[in-house]
Amino acid sequence: MIKIVCVGRIKDRNLKNLIDDYASKISHYHRLEMIEVKDESIGSDEKAVLSVEADRILEKIRDDEYVILLDLHGKSIDSLSLAEKLDKLFIRNPRIVFVIGGSLGLDDRLRRRADESLKLSDLTFLHQMTRLILLEQIYRSFKILNHETYHK
């Protein structure tokens, strides 16, 4: 199973439709669960916001799950490497969790819990687009692993 735990809700209907479309495509290959946790109102104490959001994320992660944190400071990876990584991970651990933090970033407790951290790109994206980009890359991985036309 692939689980994606993310902070905040998608408000843009068009973006939500694209996310739902990729989630549906992935479900033909593997079970996918998407969990949204409430984002905290940004106040003067950013550390407190990060801590509360981390609490909400950590509640959704089991001890036996392999956690991949999406982090600006994570390791860069290309699409072929992600496909290979997922293929190998599913052999050892059938439960993979991707974590997308809030717009302020990530609490250090999440970094300590993560089994690894990946960076989707050196480019900066709207926070809510990260979910779509991740789903597209997961879908691309399954297409690569199944030797199906999609990846060029």
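When region 104-114 is examined, which residues are found to be farther than 25 Å from residue 43 by Cα and among the hydrophobic types (A, V, I, L, M, F, W, C)?
The one that is farther than 25 Å from residue 43 by Cα and among the hydrophobic types (A, V, I, L, M, F, W, C): 114.
Please specify each residue of region 35-82 satisfying the condition of being without any contact (Cβ under 8 Å) to a residue 40 or more places away in the chain, among the hydrophobic types (A, V, I, L, M, F, W, C) and under 22 Å from residue 11 (Cβ atoms).
Result: 35, 37, 52.
Could you give every pair whose Cβ atoms fall below 7 Å, whose first residue belongs to region 4-17 and is without any contact (Cβ under 8 Å) to a residue 60 or more places away in the chain, and whose second residue is surrounded by 15 or more Cβ atoms within 10 Å (Cβ to Cβ), counting only separations of at least 6 or pairs across chains?
9/36; 16/10
Would you point out which residue out of 54, 48 is surrounded by 16 or more Cβ atoms within 10 Å (Cβ to Cβ) and in a helix (DSSP H, G or I)?
Values: 48 fails: surrounded by 16 or more Cβ atoms within 10 Å (Cβ to Cβ).
Residue meeting the stated conditions: 54.
When region 104-129 is examined, which residues are found to be buried (at least 18 other Cβ atoms within 10 Å of the Cβ) and not acidic (Asp, Glu)?
Hits for region 104-129 are 106, 110, 113, 114, 117, 118, 120, 128.
Could you say whether any residue in region 66-83 is modelled with pLDDT of 95 or more, buried (at least 16 other Cβ atoms within 10 Å of the Cβ), closer than 22 Å to residue 41 by Cα and of a type in the set (Val, Ile, Thr)?
Scanning region 66-83 turns up no residue that is modelled with pLDDT of 95 or more, buried (at least 16 other Cβ atoms within 10 Å of the Cβ), closer than 22 Å to residue 41 by Cα and of a type in the set (Val, Ile, Thr).
Could you list all residues from region 115-132 that are out of contact with any Asp or Glu (no Cβ under 8 Å at 6 or more places or on another chain) and either modelled with pLDDT under 95 or under 28 Å from residue 43 (Cα atoms) (or both)? Let's see the steps before the verdict.
Residues of region 115-132 that are out of contact with any Asp or Glu (no Cβ under 8 Å at 6 or more places or on another chain), as a first pass: 115-116, 120-127, 129-132.
Correct list: 120, 121, 122, 123, 124, 125, 126, 127, 129, 130, 131, 132.
Cβ-Cβ under 7 Å, sequence separation 6+ or interchain: first residue in region 104-133 and in contact (Cβ under 8 Å) with a residue 40 or more places away in the chain, partner among the aromatic types (Phe, Trp, Tyr). Which pairs?
Going by the 7 Å Cβ cut-off, the qualifying pairs are 115/66; 132/22.
The values are calculated or read from the model by the stated rules, or taken from the named source; none is laboratory data. Small disclaimer: the values here were computed from a predicted structure and weren't measured. Positions of Cβ are generated from backbone atoms using ideal geometry, with glycine treated the same way; all protein chains shown enter the neighbour counts.
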